[in-house]
Structures are given as structure tokens and as C-alpha cells.
Ligand SMILES: Cc1cc2nc3c(=O)[nH]c(=O)nc-3n(C[C@H](O)[C@H](O)[C@H](O)COP(=O)(O)O)c2cc1C
């Protein structure tokens, strides 16, 4: 039985290409592998920015937490549990001002939690604890970043790969859609190229 967690975060909601392709992957995996599909929709149900209640609450003894701290820590625990319960995580990410959306950043800020999702070895090196899971990361960008002069400004893909690896999610396949802002024909070609990537991912997983 495969537990799949789909996390969507496009500010454009269901119109987002990252939403569309990550959903196609998650639903395609479920159709092929069976099991369950849980969706965390960060657009309609965003995690708040982290603040004092979360930062102080997560280090406070549970019985000493204020109601605000309990609320903030409970949400973080819920988000962590969703990832822990998953065998496969499918993540949709939109490039917004050269990085991921703040919706997705807020999710990472909740689940990147010392002593819960990562720790340090005796020698002081970081160790991610959310191990043994497969991740499919779908990145959507208006421009082209896979090659050419804008490649250096993709602060989305490498950043997300690093964050995922930091918490132990190291087995990551990336599906990208890019170059959708240069008119209808390039957008059509970009979407067709991503359709092919999705098909390849699903064929490999089956
Ligand atoms: C507020 C905003 C900021 C954006 N910033 C960038 C950017 O920095 N670089 C880029 O190539 N495209 C940018 N875009 C275009 C999006 O990356 C593109 O529409 C992508 O498909 C968004 O992901 P989604 O389809 O999952 O919503 C931006 C779009 C919006 C609405």
C-alpha cells in the first residue's frame, strides 16, 4: 500500500501549471500503485508565516505552552505527520520572483524542525530524518532557466532540492514546466514537453 501526499502551492490555485502537473503525477501514481492520496492544498488553506508562537512554542514544554503556541505547534506537527505518513511526496512549486511561492516556503518553515525532522551527528553534521521516501518535485516558471543566461537566477529548483535533502528527502525526481510567457505557441510546446515528462515518470513508476 502506497501513501501519496500531494502538496500544491501555486498562488494561481487550480489554474497553476504546477498544480495541474503535480496532480496528474499524484493521481497517475495512485492509479498505478494503489494506496491512498492525501492532498495538502496550501493555496486554499495556507500555513501562516511562522512567528513567535511557533518558534517559542516548539521549544517550550508541552504543558507550558500558551494557547497560541499550542495552535502553532499543533499545525506544524500535523504537517510533519503528513510527510512522515507518506511513502511518496509530490510537490507543486511555482516560481514567484525567482524562488518558490511564500505559501510553499511557509510549509517548509513548519516542517524543517530541529529534533523532529532533522538533527546533527556527534561530529556536527546535519542529518535529515524524513528518509526512505520518494519525492516528485514539479517546478513551474514563466521564463527559461534550464539553460542560457537566466539559468543562474533559478533560485527555486536548487533551493527546494537543498531544503528537501536537509530534512532527509534525498530521492527527488524533478518535472519542470518553463518558458510559458513567450506567447501561445511556445507555451503550447512547453506544456507538451512537460506532458512527456509526466508520462515518463508514470511509466517508470509503474
Ligand atoms: C507574482 C508572480 C511572479 C512571478 N515571478 C516570476 C519570476 O520571477 N520568474 C519567472 O520566470 N516567472 C515568474 N512568474 C511566472 C510564473 O513562474 C509562471 O506563471 C508559472 O507557471 C507559475 O506557476 P503556476 O503555473 O504553478 O502558478 C511570476 C508569476 C507571478 C504571478
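The values are calculated or read from the model by the stated rules, or taken from the named source; none is laboratory data. From a predicted model like this one, the values you see are computed outputs, not experimental measurements. Here Cβ is always computed from backbone atoms with ideal geometry, including for glycine, and neighbour counts include all displayed protein chains.
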Query raised in the report: Only one of 44, 14 is within 16 Å of the ligand (Cβ to nearest atom), under 17 Å from the mean Cα position of the chain (by Cα) and part of a helix (DSSP H, G or I); which?
Result: 14
Query raised in the report: Exactly one of (1) in contact (Cβ under 8 Å) with a residue 60 or more places away in the chain; (2) in contact with a strand residue (DSSP E or B) (Cβ under 6 Å, 6 or more places away or on another chain); (3) within 22 Å of residue 167 (Cβ to Cβ) is unmet by residue 19. Its number?
Result: (3)
Report summary line: residue 150 passes all but one of the listed conditions (1) surrounded by fewer than 18 Cβ atoms within 10 Å (Cβ to Cβ); (2) over 13 Å from the mean Cα position of the chain (by Cα); (3) away from the ligand (no atom under 16 Å from the Cβ); (4) at pLDDT 95 or above; the exception is number (3)
Report task. Name the single residue, out of those in region 163-190 being within 28 Å of residue 133 (Cβ to Cβ) and within 15 Å of the ligand (Cβ to nearest atom), that is surrounded by the fewest Cβ atoms within 10 Å (Cβ to Cβ). Result -> 174
**Report entry** Hits in region 98-133 - residues which are touching a helix residue (DSSP H, G or I) at 6+ places or on another chain (Cβ under 8 Å) and in a strand (DSSP E or B)
**Finding:** 99, 100, 118, 126, 128
Report summary line: Cβ pairs under 6 Å, 6+ apart or interchain, first in region 134-158 and closer than 18 Å to residue 108 by Cβ and without any contact (Cβ under 8 Å) to a residue 60 or more places away in the chain, second assigned to a strand (DSSP E or B) and near the ligand (Cβ under 9 Å from one of its atoms), ordered by first then second residue, are 155/99; 157/139
